[in-house]
Amino acid sequence: MLSSWSSSLAIPGSSSRCTLQQQNVVAGSTTPPLAVAAADTARRRRRRSEGFMSIGGTGAKRAEIELDQKLHESDQLVQVSSASKDSIKQIRRDAGVALLNKSAATAQTSVKQSLDDTAAVWRTREWLLDEARDFMAQAVDDRGGPPRWYCPVEAAGFPENAPLLLCLPDIISNGLSIKLHQQKLARLFEVRCLHVPFYDQTPYDSLLEQVEAVIQEEQSFQPNRTIYLMGQGYGALLALLLAAHNPDLDLVLVLVDPAIWCDGYQVLSPFQSLLEAVTPGPISLSLPFLFSLTFGDLASLTKAVNMMDSSSGPQLKQVQQRAVFLKDLLQILTSTATARWSKAQCQWKVKQLQLAAYSANRQLGEVKADVLLLASGKEQNVTVAKKLKQFLPSCTVRIFKNSNSALLLDERVQVSSLIKATNMYRVSKYRDIALDYLPPTEDEVKTFHESHIRILKQLFSPIFFTVGKDSKMKRGLPQITKEHPILFIGNHTFVGLDLAIIVNAFLEDQNVMIRSLAHPALTADVARGLQESGIQDVARLFGAVSVTGSNLYKLMAAHEAVLLLPGGVREALKSKGDAYKLLWPKKAEFVRTAIRHGATIIPVAAVGGDDFIQILLDQEQVLQFPVIGEIIRIMGANMPHARVGNRTERSDQPFLAPLGLPKLPPRMYFAFRQPIYTYEFPELLHDKEAVDKLYKLVQSEIESGLDYLLQKRKEDTYESFIPRAVFEGTWGRSAPTFKP
């Protein structure tokens, strides 16, 4: 689920340039030839170039190029009297200093950001290593008491009426890996963790009874409160068994690599079993297996660290650094466990793991809870994910193919974000799209900007205009207030890439979350098998919901700001000749809903999105191909449909893009038209004729905005991609555009 631009090409010290032009007019003298100043200009360029290169770096070279460009512009203005030569020199000196400062500041900011990000990762890793040392030191001394609950300090300050999250321990580290996520989870839940003492040998069924007692007690106090159970490996098995034993309770399971595959798994080979039986000493050969369930295999991690060259690329270096971190963590844990745990204790833990896996396998059919399953790419975990997806009626799977183990220790896996992005977060039994939605956090916005928005801005360099109260067009976005619900109505450009740009613009400029009503293909999981976290998760995290009348009604009732593109698939996947045409349904339902809730309708016209593809064949022409056409038709029929049963739209409209060739990215322009305040005329709600007129008024406003933008963009020097990319790559800011 994010800028202001200059509207002038003037170089730094633009006021001086204006003075120069005025002096030229006043002097009215004969202009000296350009050749007179050529040698002097060349000498100055060489001196400045030498100064830039002595500073060094790409930024300095860029500054040299920028200054040359400005000097060339200045040379065009040399048609002045001798009285203005001092002004020219001053302008050039100011330009050189400004560009040097800008280059240095940009480089410093980039380096600082990179260092800050790296430092943050390493601070987190060092913190967890310290936690592991403290945990093992305390665990060794903790010889008494039964398993007990505690609320972690990092999880203090949970929101009011938050659901309850019970974190269940894994078989070996007692939930140490969950510590990385507790602080972020506390923004969503009241977090409680089950602590099992280091030497405790409470069997799995007794642990189930203890957790079940807490669940029953919470349900008696707050019967409408949703309870989440989160566990990794062995803890995930406990969560599944608790859900199977309590099918009528409102439970949500967050499972990380559940160890169901351990049912009947031969931990030690016959030779290893014999060796363990005859070898003296306390060390068990099954200890590496127990640790591998949570942290990965120490031998594999050590091998990965040794094989990776330190001169590898940035991504390989990150993998290597993470492997080093996991190896260090595993060594801290195993060094203590090896010295303290007896063979009997390790064998007992393996036995409990296998018994829990055996029981969970045979009770999967009793699990009715909603399940979010996070699975690493290890073969055994992928097999488990496929099995649970098949057997559990409400199971959402996110698979991480590039991670073979230790998902909870991977900084790329953010459990709190995934819970929100998969629509698994709710405070009561039934999820409310308005009340249960939590806006993205600062970290989530930053990730969204880095992974999506930055490239969209680089490609399309969006520009926003607004019609003010004086009916004049001006740069910028309209100011949003929550006094009344807001309904943005716009044209659907090809594919709808501009949706993210609009949402991000308001989030960045006014910290306002725009909820998009989008096609189910963008808001629902359409993959039938295992699914990686993708664009659907991002859309949901940033407020997108399926486009239905009931969803629009709920969002309007909650006074949300909503974006609706009535043209839908028909307008998003255009045919030849339909660029910037409104292909809307006949019914004016969104107008009626807006009047009912007293919403402010803001028409918005978008130009640019229909220009980055050259359509060669329409959908109908593609479907006429033998064999291939029928396959595509079936694929389109299996896609989710919006506005089911709406006869005003073509029921045979396939979810299929036309065949075309991409073009260089055009610039995107947005014009927000005069608001329509429906709360001023609530009496129109049941006046069909008046509602239809208002519907046509919204259409007319958007069409006027489209005509305006299509005409005015001809005045934009940087409408084409190449000159725009050169300017923005040189100056590091958005290219100027036409004056409204």
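Here Ala561 does not qualify as small (Gly, Ala, Ser), over 17 Å from Leu694 (Cα atoms) and in contact with a Gly (Cβ under 6 Å, 6 or more places away or on another chain). How many of the residues in region 491-550 are closer than 18 Å to Val562 by Cβ and aliphatic (A, V, I, L, M)? Residues meeting the conditions: 18. Might you let me know whether region 596-611 holds any residue that is of a type in the set (Ser, Thr, Tyr) and within 28 Å of Leu459 (Cα to Cα)? Scanning region 596-611 turns up no residue that is of a type in the set (Ser, Thr, Tyr) and within 28 Å of Leu459 (Cα to Cα).
Consider Glu683 carefully, then state whether it is at pLDDT below 95 and surrounded by 15 or more Cβ atoms within 10 Å (Cβ to Cβ). No. In region 593-620, the residue that is modelled with the lowest pLDDT out of those that are out of contact with any strand residue (DSSP E or B) (no Cβ under 7 Å at 6 or more places or on another chain) and open to solvent by 50 Å² or more (accessible area, probe 1.4 Å) is Glu620. Reported count of residues in region 557-566, each being surrounded by fewer than 21 Cβ atoms within 10 Å (Cβ to Cβ) and not in a helix (DSSP H, G or I), is 2.
Summed over region 377-404, residues that are outside any helix (DSSP H, G or I) and at pLDDT below 90 total 7. Taking strands (runs of 3 or more DSSP E) as the structural unit, those lying wholly within region 174-283 and holding at least 1 residues that are more than 28 Å from the chain's Cα centre (by Cα) and buried (at least 16 other Cβ atoms within 10 Å of the Cβ) correspond to 190-195.
Note on region 621-655: residues that are modelled with pLDDT of 75 or more and surrounded by 12 or more Cβ atoms within 10 Å (Cβ to Cβ) amount to 4. Exactly one residue among Leu694, Leu709 is touching a helix residue (DSSP H, G or I) at 6+ places or on another chain (Cβ under 9 Å), crowded, with 19+ Cβ neighbours inside 10 Å and assigned to a helix (DSSP H, G or I), and that residue is Leu694.
Looking across region 251-261, the residues that are touching a helix residue (DSSP H, G or I) at 6+ places or on another chain (Cβ under 8 Å) and more than 17 Å from Leu208 (Cβ to Cβ) come down to Val254, Val256, Asp257, Trp261.
The values are calculated or read from the model by the stated rules, or taken from the named source; none is laboratory data. Please read these numbers as outputs of a predicted model, since none were measured by experiment. FYI the Cβ positions are ideal-geometry reconstructions off the backbone, even for glycines, and counts take in every protein chain you see. The area values use the complete protein model at the heavy-atom level, side chains included, leaving out ligands, DNA and RNA. Shrake-Rupley method; radii C 1.70, N 1.55, O 1.52, S 1.80 Å.
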